[in-house]
1. Using beta carbons and a limit of 6 Å, which pairs, at least six apart or on different chains, have the first residue in the stretch A:67-91 and on the phi < 0 side of the Ramachandran plot and within 14 Å of chain B (Cβ to nearest Cβ) and the second one in a loop (DSSP other than H, G, I, E, B) and hydroxyl-bearing (Ser, Thr, Tyr)?
2. Please work out if B:Ser17 is within 14 Å of chain A (Cβ to nearest Cβ), loosely packed, with under 15 Cβ neighbours inside 10 Å and either modelled with pLDDT under 85 or part of a loop (DSSP other than H, G, I, E, B) (or both).
3. Could you check, for the stretch A:447-454, whether at least one of its residues is free of Cβ contacts under 8 Å to residues at least 40 places away in the same chain, out of contact with any strand residue (DSSP E or B) (no Cβ under 7 Å at 6 or more places or on another chain) and under 14 Å from A:Leu416 (Cβ atoms)?
4. Could you check, for the stretch A:51-62, whether at least one of its residues is acidic (Asp, Glu) and either in contact with a Cys (Cβ under 8 Å, 6 or more places away or on another chain) or modelled with pLDDT of 95 or more (or both)?
5. Among the listed residues B:Ile211, B:Ile181, which satisfies the condition of being at pLDDT 90 or above and not in a loop (DSSP other than H, G, I, E, B)?
6. Enumerate the pairs (first residue in the stretch B:164-184 and within 8 Å of another protein chain (Cβ to nearest Cβ) and within 11 Å of B:Arg453 (Cα to Cα); second residue anywhere and in a helix (DSSP H, G or I) and not small (Gly, Ala, Ser)) with beta-carbon separation below 6 Å, excluding pairs fewer than 6 apart on the same chain, so at least 6 apart or on different chains.
7. Keeping to the stretch A:221-246, report how many residues are out of contact with any strand residue (DSSP E or B) (no Cβ under 8 Å at 6 or more places or on another chain) and either without any contact (Cβ under 8 Å) to a residue 60 or more places away in the chain or farther than 30 Å from A:Glu62 by Cα (or both).
8. Conditions first: (1) in a loop (DSSP other than H, G, I, E, B); (2) surrounded by fewer than 23 Cβ atoms within 10 Å (Cβ to Cβ). B:His57 passes all but one, so which condition is the exception?
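The values are calculated or read from the model by the stated rules, or taken from the named source; none is laboratory data. Source: prediction; values computed, not measured. No Cβ is skipped: glycine too gets one built from the backbone with ideal geometry, and neighbour counts run over all protein chains shown.
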Amino acid sequence: MNQSFDYDIIVIGAGHAGCEAALAAARMGFRTAIFTMSLDSIGQMSCNPAIGGLAKSHLVKEIDALGGEMAKITDLAGIQFKILNKSKGPAVWATRVQADRALYRRHMRRALEVQAGLDIKQERIEEILIARGNVRGIKTNPVPGHESIPAHAGEEKRLYQAKAVIVATGTFLNGLIHIGLENFPAGRIGEPSSIHLSKSLNGLGLKIGRLKTGTPPRLDAKSIDFSVMQIQEGDVPPPPMSLFTEKITNPQLPCYMTYTNAHTHQTILDNLEHSPLYSGVIKGIGPRYCPSIEDKVVRFKEKIRHQIFLEPEGLDSDEYYANGISTSLPRDVQIKMVQSIKGLEGAKINKYGYAIEYDFVYPPQLKPTLETKIIEGLFLAGQINGTSGYEEAAAQGLVAGINASLKLKNKGPFVLGRHEAYIGVLIDDLVTKGTQEPYRMFTSRAEYRLLLRQDNADLRLLEKGHELGLINEQQHASFLNKKAAIASELKRIKSTRVKPHVINPILNKLGGSPVKEDTSLDQLLKRPEVRYVNIAEAAPSGNSISQDVIDQVEIQTKYTGYIRRQAEHAEKFRKVEEKIIPEGFVYKGINGLSREIVEKLEEVRPLNLGQAGRIPGVTPAAISLLMIAVAKGQRHSEEK
Amino acid sequence: MHTEDTIAAISTAPGHSGIGIVRLSGSDALKIAERIFLSARQKKIRKTPSHRMLYGHIIDPANKETIDEVLVSVMKAPHTYTREDMVEINSHGGPVPMRRILDLALHAGARLAEPGEFTQRAFLNGRLDLVQAEAVIDLINALTEQSRKTALVQLKGGLSKKIQSIREELIDLAAFVEAYIDFPDEDIESLSLNDMKKRALNIQQALQKLIESSRYGMILREGLKTAIIGRPNVGKSSLLNALLEHDRAIVTEVPGTTRDVIEEYLNIKGIPVRIMDTAGIRDGKDIAEKEGVKRSLKAMEDADLVLLVLDGSSTLHTTDKELIEKSGAKNTIVVINKSDLPQKINVPPHPLHGKAGEGTVVHISAKHETGLDELQRTIAETVLSHSTEGSAEVVTNTRHVYALEKALVSMESFMTEVDKQTSPEFLSIELRDALDAIGDIIGITTPDDILNRIFSNFCIGK
């Protein structure tokens, strides 16, 4: 007998995308279930033990401002916090955190467990159930482990009915691990892959491609000579990732740095025929920004050394992650290669590096809500959409969870613009342009980098998180206070003028040129050598002002010209995004559009003229024609 | 596509009617016009009631130079053709001042209108009905097809190669700057301020060269290099004197770079013309025929335009025939002088005729100053046939020059910011603006190009 359970929203996979999706759905009031093949791998960081970095911390802080979980868990699991790019302007500052893998899993699992309205299930998904173009639920096999293991006697496959299903299966779809020329199906090392589910998605008519990524070996700390390596400490005090974290309480650990050498490179070159990458065994496309050490040595022959960061896996772990030497060479070659490196002469490998190939779904088959275009109620989030990285996955999970919920509420979609958030850039890129390699976020992908800073993620997005019901009243109230404090201090420094005899001694100390007449504080703050403390010294505010308010006042004053320039561009951009193309718009038959362009437009089905213009190959002239065709359509319907 | 911009174009038909109109439409139309217009009665365009005209002058805001005397029609939204704020600048100074007015408007913040864009806006803003809209679509199709063809023609040439190579250099530089921002942990070689400036300077100079070499820009700056050639005694110097006399617009008289050539500057229908008067003219009969031809040929080599003077009152001389043949490769107007005398000349068909048509033969009498108007018109046409509104070749051309100038401005700001040691995320804005401008010429702009360059130039991958 088939048992039948009802949920509003089902999430498949409990990685970074799945967890955010499930939490958002449950928090928005829907009965939600999250399915994983292993309760012990909830929130698993399958690659490097770090969260954040350039453009990625921007994503995490946006998730945080929208009421997501990743930043909070990162703070609970973090064992080294550092702000990168401190020598440059604040738009490109980024927080990077080394996280304890076990702590991260534990805290993320805890967050799911305590969430009201959310069930966690350890079952294997075999099929997604569809009726008349709508998702209906899933079929599972309650027996974990490999699909080749038959179901227990008495246990039957179960059906779960749901109104929406979010698939967030990461690299598990048809995952194939390579170590040397040997390969075997797996989702992560030691965990089975999902073969049936991939077939099921393919059967629904979704076009599927293949990508590749890899990890480096993990080393035993006892076998490493750290004394010959460069030590890298975090910032003191550790800067938290989340707005809502008061203080980081974990003990902090350093990372270490060493280099490959000519001997290492020769070892690799001598063994290329045993590399699945160079012998043609691997067909999937790997990321160019994260090449294997084989790739680095072959492609950049002129580099005499490559850096390796040894990153701690956790407080209770003796394992180090050898960041920089991702490899799929055979085990014996990995040992030789590692032991050729300074400080690693006696190193023992706990886990070997490997490459993994996996299926992904071409993301232009998705709407910007991450719902599939062909099946209503079916959402895809994370690595399954061709991205790479925990942060990119979590951002998509959050967006999918929010949009699945809004759909069930019969409310309009939640879509962030490229001018509003990196999340907007991420999803727009995916659904408009697709991707040829695992997609990672970079700040250079954003047109409005100076507006999308990590320091103002809350100013950009927290209000939206509150409207969605993901930011609580107390958090909202404290945000409004901060906003008011920024506004009032900005006003004060504009209207307060100081006399030359007050400010000139201060300017003199800073090496700046003196002023001749009364000067407003904001004019002074615009000088490169002047900081907020300096103007506060000349004319202090009556109120006590918190550091985050000071930061905003300083940034918004110092960069006002640039910010205004980008804001003007962004405003124009927004207006084009407002030119909506109606759903179901017919492109065929528009006078002057080439068949190629019609095909592209039909594939992506852009929401508006702005998005249409970003589709590769769609020309400005085509947009002009489209604009008129859309207006004509509206005129027709008005006349009727 | 950017329907929020203010657009500008010369909206009168090509040709040389007395009055031309430069038209502006968009939310900043009034503001932009105000920047380049000085009312005779100190009136402000923005404060002028709708559908009024103002009299005054177009002024180059950069150097306060007066460009032209104009009437400006001010029309405020929504009762205008496009239903946006519009300004029409009526000028009667001929095609060149009109082009300068357009240039000033573009520099003051307007964007050159796409083909059919005024009409397109009229439709989008609800001003036209559906039938008219069909006509707009046809227009856009026809014009884009036309400009596509010329774009292809131009992109085959060396110009395209040069622009591509500037773009490559820009992407290289941007890749350095972006990699420095996005990959702080990576062991990538960074560019010193000096190297950065050196690269930027190269790009800047290449842009400058391209702009200067653009036909239109060069003519405006240096004048149309014109050679008057012909055998002695056909009336070359009388022609020159007549033109100077007729024009009364001699600016300077500068001795030529060689003793053999004298240069005169004059202004023909707004086009600065630099006449290289072969010295042979002055020396008249003293000079051997051979030497005269030699000098004429030399002058011809450097010229943008050749005025080949023949004596209409005599039959063709062998030297004439030789000159006609040699001038076939050049932009030539055959000037048949002495039309006041009985005509004996019979101009044979020569290589030039097939190309340039009948308009290239003009009959004048330098002595009686007849036919000079026609000659001046013909000179102006020869220049502008390659560079007026309506000829798609030049629409693209102006567009290219404008885009290159935009890129140049961005590179100049880039240099200033590098000197101030500004943080790279700001430098990147200037480089991206320059890349966008260049991309407009080639028709591609994608941030992926920079990323691709980063991954191919640097070993990224912590």
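1. A:Lys88/B:Ser423; A:Gly89/B:Ser423
2. Working: within 14 Å of chain A (Cβ to nearest Cβ): no; loosely packed, with under 15 Cβ neighbours inside 10 Å: yes; either modelled with pLDDT under 85 or part of a loop (DSSP other than H, G, I, E, B) (or both): yes.
No, not satisfied.
3. Here is the first cut: in the stretch A:447-454, the residues free of Cβ contacts under 8 Å to residues at least 40 places away in the same chain are none.
No, the stretch A:447-454 contains no residue that is free of Cβ contacts under 8 Å to residues at least 40 places away in the same chain, out of contact with any strand residue (DSSP E or B) (no Cβ under 7 Å at 6 or more places or on another chain) and under 14 Å from A:Leu416 (Cβ atoms).
4. Filtering the stretch A:51-62 for residues acidic (Asp, Glu) gives A:62.
Pick out the ones that are also either in contact with a Cys (Cβ under 8 Å, 6 or more places away or on another chain) or modelled with pLDDT of 95 or more (or both) and you get A:62.
Checking the stretch A:51-62: at least one residue is acidic (Asp, Glu) and either in contact with a Cys (Cβ under 8 Å, 6 or more places away or on another chain) or modelled with pLDDT of 95 or more (or both).
5. Values: B:Ile211 fails: at pLDDT 90 or above.
Among B:Ile211, B:Ile181, only B:Ile181 is at pLDDT 90 or above and not in a loop (DSSP other than H, G, I, E, B).
6. Partner pairs satisfying both residue conditions: B:Glu178/B:Ile450.
7. Just the residues of the stretch A:221-246 that are out of contact with any strand residue (DSSP E or B) (no Cβ under 8 Å at 6 or more places or on another chain), to begin with: A:222-223, A:225, A:227, A:236-237, A:242-246.
Keeping just the survivors that are either without any contact (Cβ under 8 Å) to a residue 60 or more places away in the chain or farther than 30 Å from A:Glu62 by Cα (or both) gives A:222-223, A:225, A:227, A:236-237, A:246.
Counting residues in the stretch A:221-246 that are out of contact with any strand residue (DSSP E or B) (no Cβ under 8 Å at 6 or more places or on another chain) and either without any contact (Cβ under 8 Å) to a residue 60 or more places away in the chain or farther than 30 Å from A:Glu62 by Cα (or both) gives 7.
8. (1)
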